[in-house]
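Structure, as structure tokens:
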Amino acid sequence: MGLLFHQLTAAVYLLAAVVAVIGVVTRKTPLGRVAVLALGVGTLFHFCGFCLLHLEDPRPSMTSLPMALSFMSWIGALVYLVLLFAVRGQGLIVIVAPAAFLGCVAALLSRYSPRPVEELHPLWSHFHVLLSSAGLATLGIAAGAGLLYVIHHRAIKRKRRVVRTLPPLESLDRVNTIALGVGFLLLTLGLFTGILWVHETEGMLWEASIHASTTLGAWLLCGIATFARFSLDLGARQVAFLSATGFAVLAFVVVGAGALS
Amino acid sequence: MNLLLLGMSHRTASLDLRERYAVGDLGPANEKLAADPDIEECVILSTCNRVEVLVLTRRPAAARVRLRSFVERELPSAEGRPSPAELEPALYELSDADAARHVFRVACSVDSMIVGEPQILGQVKDAYRAAVATGSCGPILSRLYQRAFSTAKRVRNETRIGERSISVARVAVDLAKEIFESLEDKTALLIGAGEMIELALERLRSSGLRRARIANRTPARAAALATRFEASAHGLAELPELLEQADVVLTSIGGDGPLLTPEVVTEALRHRRHRPLFMIDIGVPRNVAPEVNQIDAVYLYDLDDLSGMAEANAGERRREVVRAEEIVLEEEQRFEGWLTALAAVPTIRTLRARAEAIRTAELERGMAALDWSGAHRDAIEGITRGIINKLLHAPLARLRQEVDREEGLAHLEAARVLFALDDARAPGAEADQGDEDE
């Protein structure tokens, strides 16, 4: 049943993505609203899917990469929908919906196999994965906003109006700033709970694994972007670029390290 | 009589070239051109989007040479004079019916960068008034411009071209919305106090903008506008401080060089913590140096950029433009008819003068023989005048009516032959000289 809801979610996310892309191409703002609505429905299905999985297996493993990706896509969609209450960022749907779809599909394509219970610490492992995934998803939103900022900035500078359905630069900058701050905080908490988890299971504070060291590197990169935004008074375009690059590196190392381990 | 028009517009010339041709004071330029013996009447139009010189002449070949030299050498400032290679492709030349139609199209805003925008009619009226004030605009061009104004009114009433117009102010607001989430908490700085600034301010206000500052060379004019729009008025000396607070800057002010240079803007940005600054420069010559757009957080648009924006929306207005063009053609043909009818005037005047001369001469001879005077004389005067009028009424009316048709010119020629109007020895011919003197 949980799987069925995941498939349903993927279909609705796909619908949202297609409508969003058509909306941008045809420059029809109402289509953007339809896509947001579809994404909202998708997040509800996604939530139901997680609940059902939980009923089927009281401790579904988020430490499996596909499940973590699925969770990230859900959190990302949710964060975006919440941000819409504060910021005029409807145009971001063109990035959020396809990303949510891909995250959901990644979970569906892989075979979900829960690890033996004894391998997992019921508390810190879940906190670590939940917080880190939420952090990654939120940083993904920051990166998406940053990417669109750079595209929109170039279009306005070059006097082209090819991306008229995109949110205003100010909105993209605000989304970028908020998501960067919140995402970095969540990721830091994720890292911290990870240390606690390792400490409880291994009896040490840091394990010398690819996952741990690459995550630390990416965390530092995101830290620099956040610091630059809030303390160094760096320009919006530079921060947008930095956050997009930071997230790309982060996603690469997390997914890459996950695939390797 | 021939009409000749030489000019350049946003369609043919870059802003860089147009701004070298901006004529600040039309009076002296009109006077200079009208002083030429080959030019009967002239009107110069100079707006931010076009510079055009319209002349009326009896000697088109000579007038064309004079007009070219005036536009090439005398209209631009000595240092801004373009090379022939640069100027030639930017110039267009129209004559007679084409020139008249062009004046109509310009007044109706059909040829505007932003089709349907209302400011151009006011600018054409200003150009006409300036020419009338200097005496360079005579009865024929006056008639042409009056007809152009009534055509513009007709186009505005009978089409929806105005409703669909995308004014500079509207484009500015649309662009501002691509940068800013909302204009409510933003500050606009408007440099200048002319009509464009007024329209822009009106539009910005209706889009929710609350804070506006107006800076002008003449603070009194800025103050008058500021009072109307609940804004604050400033002098140009305060620009650096005003720039620090502004989010949207709109400039339309006269002057020789850029008012806002990259140095001034960079200095202002240092205090703004990289908040974006949106600048629209509709001044000709430009008020903001084009290099300012290279500054990261600054988005600068000038008139040529706005032209590109307007083009993007051209499809929506095409239908209304077609209807407007039909009205323009109709009105231009009416004017042509009137202009052709003018050709009948000398014939009619000569014919009347000849008839009157014959009548007077015959009456004098008769009176001398009869030795009548007083009441008798008055009665005979009235009778003979009545006969002449009644005899001439039908043919003269016919000549006036038919002259704008092809056969009308043949009738005119026939009248001149039948009444020997070109024969200096014919009875009453001595009256022609007196008539011409009038």
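Rg (Å, one decimal) plus Dmax (Å, integer) for the alpha carbons of the protein assembly as shown?
38.8, 150
Rounded to the nearest whole Å³, what is the per residue volume of the convex hull around the Cα atoms of segment B:343-433?
On the way: hull volume 8.6 nm³, N = 91.
Each residue corresponds to 94 Å³ of Cα convex hull volume.
Along the Cα-to-Cβ line of B:Glu267, 7 Å from the Cα, sits a label point; which residues in segment B:208-241 have backbone N less than 19 Å from it?
B:215-217, B:234-241
Above 18 angstrom, tally the Cα pairs of segment B:168-312 and express them as a % of all pairs, no decimals.
It works out to 51 percent of all Cα pairs.
Give, rounded to the nearest 20 debye, the magnitude of the charge dipole that segment B:325-376 has about its Cα centre when Lys and Arg contribute +1 at Cβ and Asp and Glu contribute -1 at Cβ. Intermediate values should be presented prior to the final figure.
Numbers: 6 positive and 10 negative charges, 125 e Å.
Value, rounded to 20: 600 debye.
Rule-of-thumb check for segment B:169-215: C-alpha Rg over 2.2 N^0.38 Å?
Working it through for segment B:169-215, the quotient is 1.04.
If I take every Cα pair under 8 Å that is 6 or more residues apart in chain B, average their sequence separation and divide by the length, what percent do I get for the relative contact order?
Dividing the mean separation by the residue count of chain B yields 13 percent.
Output ³J(HN,Hα) for segment B:3-17: one whole-Hz value per residue in order, computed from phi by the Karplus curve 6.51 cos²θ - 1.76 cosθ + 1.60 with θ = phi - 60°, and x for Gly and Pro.
9, 9, 10, 10, x, 9, 9, 4, 6, 10, 10, 6, 4, 4, 6
Would you please report the Å³ per residue occupied by the convex hull of the alpha carbon atoms in segment A:123-261?
Convex hull of Cα atoms, per residue: 105 Å³.
Where does helix B:314-341 land angle-wise versus the long Cα axis of chain B, in degrees 0 to 90, nearest 10?
Orientation of helix B:314-341: about 20 degrees from the principal axis.
Return the FRET efficiency for the residue pair B:Ala414, B:Glu79: r is the Cβ-Cβ distance, R0 is 56 Å, and the value is rounded to the nearest 0.05.
Plugging the Cβ-Cβ distance into 1/(1 + (r/R0)^6) gives 0.40.
Which FRET efficiency value, to the nearest 0.05, do you get for A:Glu200 and A:Leu37 by plugging their Cβ-Cβ distance into 1/(1 + (r/R0)^6) with R0 = 51 Å?
That pair, A:Glu200 with A:Leu37, gives E of 0.75.
Each residue of segment A:38-49 in order: what ³J(HN,Hα) in whole Hz does its phi give by Karplus 6.51 cos²θ - 1.76 cosθ + 1.60, θ = phi - 60°, with x for Gly and Pro?
Once θ is set to phi - 60°, the couplings for segment A:38-49 become 4, 5, x, 4, x, 5, 5, 4, 4, 4, 4, x Hz.
So how far apart, in nm, are the two label points at B:Lys125 and B:Arg160 if each is 7 Å from Cα heading toward Cβ?
The modelled label-to-label distance comes out at 2.6 nm.
Normalising by the residue count of segment B:94-204, find the relative contact order in percent from Cα pairs under 8 Å and 6+ residues apart.
Values: 83 pairs, mean separation 30.9, N = 111.
Computed over segment B:94-204, the figure is 28 percent.
Percent of alpha carbon pairs in segment B:2-45 separated by more than 15 Å? Could you put the intermediate results ahead of the total?
Values: 499 of 946 pairs.
Above the 15 Å cut-off, segment B:2-45 has 53 percent of its Cα pairs.
Taking the Cα centre of chain B as the origin, how large is its charge dipole in debye, to the nearest 20, when only Lys and Arg (+1) and Asp and Glu (-1) carry charge on their Cβ atoms?
On the way: 57 positive and 72 negative charges, 203 e Å.
With only Lys, Arg, Asp and Glu charged at Cβ, the dipole is about 980 debye.
On average, how much area does the Cα convex hull of segment B:1-151 cover when viewed from any direction, in nm²?
Average of the hull's projected areas for segment B:1-151 equals 7.9 nm².
Taking Rh as the Kirkwood radius computed over C-alpha pairs, what is the Stokes-Einstein D of segment B:316-367 at 10 °C in a medium of viscosity 1.306 mPa s, expressed in µm² per second? Present the calculation step by step, with values, prior to reporting the outcome.
Working: Rh = 14.7 Å.
D = 108 µm²/s.
Which FRET efficiency, nearest 0.05, do A:Val18 and A:Leu81 yield, Cβ-Cβ r, R0 25 Å? Could the numbers behind the result be given before it?
Details: r = 18 Å, r/R0 = 0.74.
After rounding, the FRET efficiency stands at 0.85.
Want the number for B:Glu241 to B:Arg275: 0.36 nm per residue separation, take away the alpha-carbon distance, what's left?
Answer, rounded to one decimal: 10.7 nm.
Check the straight Cα-Cα distances from A:Lys159 and name the lysines below 23 Å, setting aside those fewer than 8 residues away within the same chain.
Here the lysines satisfying the reach criterion relative to A:Lys159 are A:Lys28, B:Lys177, B:Lys186.
Take every Cα pair under 8 Å in chain A that's 6+ residues apart, average their separations, divide by the length, and report that relative contact order as a whole percent.
21
So what's chain A giving for Cα Rg divided by 2.2 N^0.38 Å, two decimals?
Cα-based Rg divided by the globular estimate yields 1.01.
Provide the per-residue ³J(HN,Hα) series for segment B:357-368, in order, calculated from phi with Karplus coefficients 6.51, -1.76, 1.60 and θ = phi - 60°, each as a whole number of Hz, with x at glycine and proline positions.
Once rounded to whole Hz, the list reads 5, 5, 4, 5, 5, 5, 5, 4, 5, x, 5, 5.
Hey, any idea what Rg/Rh is for chain B, computing Rh the Kirkwood way over Cα pairs?
1.15
Starting from the Cα gyration tensor of segment B:331-392, multiply each eigenvalue by 5, take the square root, and state the resulting semi-axes largest first in whole Å.
On the way: eigenvalues 272, 25, 9 Å².
Over the Cα atoms of segment B:331-392, the ellipsoid semi-axes are 37, 11, 7 Å.
Each reported figure results from applying straightforward, stated rules to the coordinates on display, with no laboratory input. Fair warning: this is a prediction, and the values are worked out from it, not measured in the lab. Methodologically, a virtual Cβ is constructed for each residue, glycine included, from the backbone with ideal geometry; neighbour enumeration extends over all protein chains shown.
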